[in-house]
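Have a look at the structure below, then the notes.
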Amino acid sequence: MSTFDFIGKGLLALSLMVTVNTVSADEFTPEDQQRWQQQFMDSVKQGRELWTSPTLGTNGVACAQCHPNAANTHPETYPKFQKQIGKVIPLWEMINWCLRNPLEGVPLAADDPKMIAIQAYVTYERRGVKLEPGKH
Amino acid sequence: MNDINRSRRDFLRTGGALALGASLPISLVELAFAESSQNFTFAYISDAHIQHIKGNRFVRNWDMGLQRAVAEVNLLTPKPDFVMFGGDLAQLGSKEELDHGAEIMSALKHDVRYVMGEHDYYLDLGAYWEQLFGPQYYSFDHKGVHFIVLNSIRTYDDWTFKRWPTAEQRMLEMAGLDNPNGSPFMVGEEQRKWLKEDLAKVTKTTPLVVFSHSPLQKIYKGWNFWTEDAEQIQALLKAYKKVSVIYGHVHQIQYNQIGNISFNSVMATAWPWPYPQAYAQAEQYLPKLTVPMNRADPFFERDATGWQFINVANGNVDLNFTLYSNKDRVVRFDKAKKQPQDVEYQVDKARIDPQSHY
Ligand SMILES: [Fe+2]
Ligand SMILES: [Fe+2]
C-alpha cells in the first residue's frame, strides 16, 4: 500500500465518521456537569472520612488531629521544594510522610483511590485560594 | 524590678545532677525577686492528649511531649510555687489515658492543680477525673492573688444528655476539633452563680487569675476557640482592677486585652494547631495584638509544642514560653500600655517570616 493510498483511505474513514456523529464532543449539559461535580464531591467526602479516620494509620492518630479542616496543608503551594526531603515533591509525597510518621502507618501509592480522595478533600477545603507553586 | 535572667551556668549547675539535664536545650531561669515579696512563679503544662492505642500501648509522640515538660519543669530554679495542668490530659477521656497521664505527671516535684478539658470530660462527664484530681471548678488564694479554676468546656444540656446513643460516641463527636456535630463550649449557669458568690468574698483590688480550658473570649466558633457565655463571665470580672485569664485548648500562642482583662493562651505538649486564619473558608477573630507562634515544622516532632512558666509580678502575669525547637518567647504585661506584649516580636518590623501563617 502506497503512502498516498493510506492517506486517501484515512480521509475517507474520517469523512464517514463526521457524517455518522452528528453531536460533537465538547457539547455537555448542566446535568452532565452536575454528575461530574457529584463524582468529585464523592471523592471529597471519602477523603474527609479518611482524614478523620483513626484507622488510616496504625496508632489511632488521625490527620485532622493536627490539621482541622485540612488547614496548614497548603495544597496550593505544591509541587515545592521540601527542605527536609531535599527536593521538589508533589503533595502526595508529603501526605505519605505524614502517614509514615505521625500516623505510624503504611504509605499509599500515588494512584491509590484513597490517596486521590485525600488530595480531593485537602484541595477542596482550600478552594478559592490562588495557586502559589513553590511557596514556603 | 522583677527581672528574669537566663543563665546557662545556673542551668548546668542544676541540671548536672540529672543525667538528662545537660542535654536539654532549655536555658534555665533565675528569678530575681528584688522588690516585692509577693512576686512568685508557677509552671503551666497543658494539652498532653495522652492517647491509648490498646493494652499497654499509648501514642509515643504525645507521651514524649508530656514527659519532656515534666522533666524540664522539675529543673526550674528557683522552684515554682506550684504547677497548673491546663486540660486535655487524655485524648478520649478513658481511665487508661487519665491513669497514664496522672502517672507521668506524678514525677513532678510540685503541687499540681488541674483544669478540665473537653477530651477529659465527655466520656463520663468528669467522674473519673474528679476521683483523680478533685472538683471540676474551685478557687484558692496564693500570696495575695485569688485564683479561680472553671470548667469552661460544658455545653447545652440537649447536646450532652439527649443527642448521642452512647457516651463513647459523645466523646468522639466532641473530640473532633472541626467536627460540625460538635457544640459550643460554655461555663454555664451553675458555675456563673458559683463564681458570683466566690467573687463576693474578694476585694476589688485583689489580683484575679482565672484558669479555663477554652478562651473565655470569642475567636473562632468552628474549632471551639470560643466560649458561648464569654461576655457574661467577663462582666463578672469587670469590677476588679487586675484580671488575667489563662487558657489552653488552642495549642498556640494567643493574647489579648479586653478592658481590664488580660488573656493569655498556653502551648500544648502534644501538637500545635493552625491559626484559624489558615482555614480559607472561615471568618475568625484572632486578636490583633497576638504575634503568632512560629509555624510548625512537622519534621521535628516536638516543634511548636512546649510548656511555660508564669511570673506573677505584682498581680500581672508574664508568660515565658519554653519551646522545644524554636527560640523561647516572652509575653509580658506592659504597665504603660496596659496590655500583654511580646518582649521581642511585638512591633511589625520585629516579626519574622515563620510567624506569618496562611
Ligand atoms: Fe487540646
Ligand atoms: Fe481542648
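The values are calculated or read from the model by the stated rules, or taken from the named source; none is laboratory data. Computed from a predicted model, the values in this text were never measured in an experiment. Every residue, glycine as well, gets a Cβ built from its backbone with ideal geometry; the counts of neighbours run over all protein chains shown. Just so you know, the surface numbers come from the protein's heavy atoms only, side chains and all, with ligands and any DNA or RNA stripped out. Shrake-Rupley method; radii C 1.70, N 1.55, O 1.52, S 1.80 Å.
Surface listing: B:227, B:203 arranged by accessible area from highest to lowest gives B:203, B:227, probe 1.4 Å.
Measuring max minus min along each principal axis, the C-alpha atoms of chain B give extents of 58, 49, 42 Å (largest first). Mean-square fluctuations from a GNM of chain B, with a 10 angstrom spring cutoff on Cα atoms, peak among B:215, B:180, B:272 at B:180.
Among B:113, B:68, B:163, the largest mean-square fluctuation in a Gaussian network model of chain B (Cα springs under 10 Å) belongs to B:163.
Ranked by solvent-accessible area (1.4 Å probe, protein heavy atoms only, all chains present), the residues B:186, B:64, B:171, A:41 order from largest to smallest as B:64, A:41, B:186, B:171. Sort region A:31-125 into rounded, prolate or oblate with this rule: let a ≥ b ≥ c be the square roots of the eigenvalues of the Cα gyration tensor; rounded if a/c is under 1.5, and if a/c is not under 1.5, prolate when a/b is larger than b/c, oblate otherwise. Verdict is oblate for region A:31-125. Amide H contacts of residue B:245 (H built 1.01 Å from N, in plane; Pro and chain starts excluded): B:210, B:262, B:263, B:264 sit under 5 Å, all sequence-distant by 5 or more or on other chains. Amide H contacts of residue B:58 (H built 1.01 Å from N, in plane; Pro and chain starts excluded): B:53 sit under 5 Å, all sequence-distant by 5 or more or on other chains. Considering the dipole of the protein assembly as shown built from charges on the beta carbon (Lys and Arg +1, Asp and Glu -1) around the Cα centre, which of B:234, A:59, B:75 is farthest to its positive end? Most positive-ward Cα: B:75.
Within the assembled protein chains, the solvent-accessible surface assigned to residue A:81 is about 110 Å², based on a 1.4 Å probe.
Stick to Cα atoms and the Kirkwood definition of Rh, then tell me Rg/Rh for region B:90-236.
Values: Rg = 15.9 Å, Rh = 16.3 Å.
When Rh is taken as the Kirkwood radius, the ratio is 0.98.
Which value, in square angstrom to the nearest 100, describes the accessible area buried between chains B and A on both sides, using a 1.4 angstrom probe? Show your work: numbers first, answer last.
Values: alone 15530 and 9700 Å², together 22860 Å².
Adding both sides of the contact gives about 2400 Å².
Computing FRET efficiency as 1/(1 + (r/R0)^6) for residue A:110 and residue B:201, where r is the C-beta to C-beta distance and R0 is 60 Å, gives about 0.40. DSSP loop chymotrypsin sites (Phe, Trp or Tyr not before Pro) in region B:87-176 with at most 14 other Cβ atoms within 10 Å of their Cβ, which ones? Qualifying residues, ordered by number: B:156.
The string of couplings for region B:145-154 from the Karplus curve (6.51, -1.76, 1.60, θ = phi - 60°) is 10, 9, 9, 10, 10, 10, 8, 9, 10, 6 Hz, one whole number per residue in order, with x for Gly and Pro. Projecting the Cα atoms of B:133, B:58, B:296 onto the charge dipole of chain B (Cβ charges, centred on the Cα centre) puts B:296 farthest toward the positive pole.
3J(HN,Hα) along region A:61-72: 6, 10, 3, 5, 4, 9, 10, x, 6, 6, 5, 6 Hz, from the Karplus curve 6.51 cos²θ - 1.76 cosθ + 1.60 with θ = phi - 60°, whole Hz, x for Gly and Pro. Across peptide B:52-58, the mean count of Cβ atoms from other chains lying within 10 Å of each residue's own Cβ comes to 2. Basic side chains Lys and Arg get +1 at the Cβ, acidic Asp and Glu get -1 at the Cβ, and with that the dipole of chain B about its Cα centre reaches some 960 debye.
Could you work out, residue by residue across B:172-179, how many beta carbons of other chains sit within 10 Å of that residue's beta carbon, and then give the average as an integer? Display every interim value, and only then the final one.
On the way: counts 2, 0, 0, 3, 5, 6, 10, 3.
The mean count of partner-chain Cβ atoms within 10 Å per residue comes to 4.
The mean number of Cβ atoms from other chains found within 10 Å of a Cβ in peptide B:92-101 is 0, as a whole number. For region A:21-61, heavy-atom accessible area (probe 1.4 Å) falls by no less than 50 Å² from the chain alone to the full protein assembly at A:59.
Using a probe of 1.4 angstrom and keeping all protein chains present, the accessible surface of the protein assembly as shown works out to 46 square angstrom per residue. GNM on chain B, alpha-carbon springs under 10 angstrom: the most fluctuating residue among B:314, B:181, B:56 is B:56.
For the protein assembly as shown, the Kirkwood estimate of hydrodynamic radius, built from reciprocal distances between every pair of different alpha carbons, is 24.7 Å.
Taking only protein heavy atoms and a 1.4 Å probe, the accessible area of region B:36-347 is 51% carbon and sulfur. Across region B:92-106, computed HN-Hα scalar couplings (Karplus, 6.51 cos²θ - 1.76 cosθ + 1.60, θ = phi - 60°) run 10, x, 7, 4, 4, 5, 5, 4, 5, x, 4, 4, 5, 5, 5 Hz from first to last residue, x flagging Gly and Pro. Close amide H pairs (under 5 Å, H built 1.01 Å from N) link residue B:341 with B:332, B:333, B:334, residues at least 5 positions away or on another chain. Exposed loop sites are taken as GluC sites (Glu not before Pro) in a DSSP loop (any state but H, G, I, E or B) with at most 12 other beta carbon atoms within 10 Å; the longest stretch of chain B without one runs B:36-282.
The accessible-area loss of region A:92-111 on complex formation, taken against its chain alone with a 1.4 Å probe, reaches 50 Å² or more at A:97.
Magnitude of the Cβ-charge dipole of region B:67-197, K/R +1 and D/E -1, about the Cα centre, nearest 20 debye? Dipole magnitude for region B:67-197 comes out near 380 debye.
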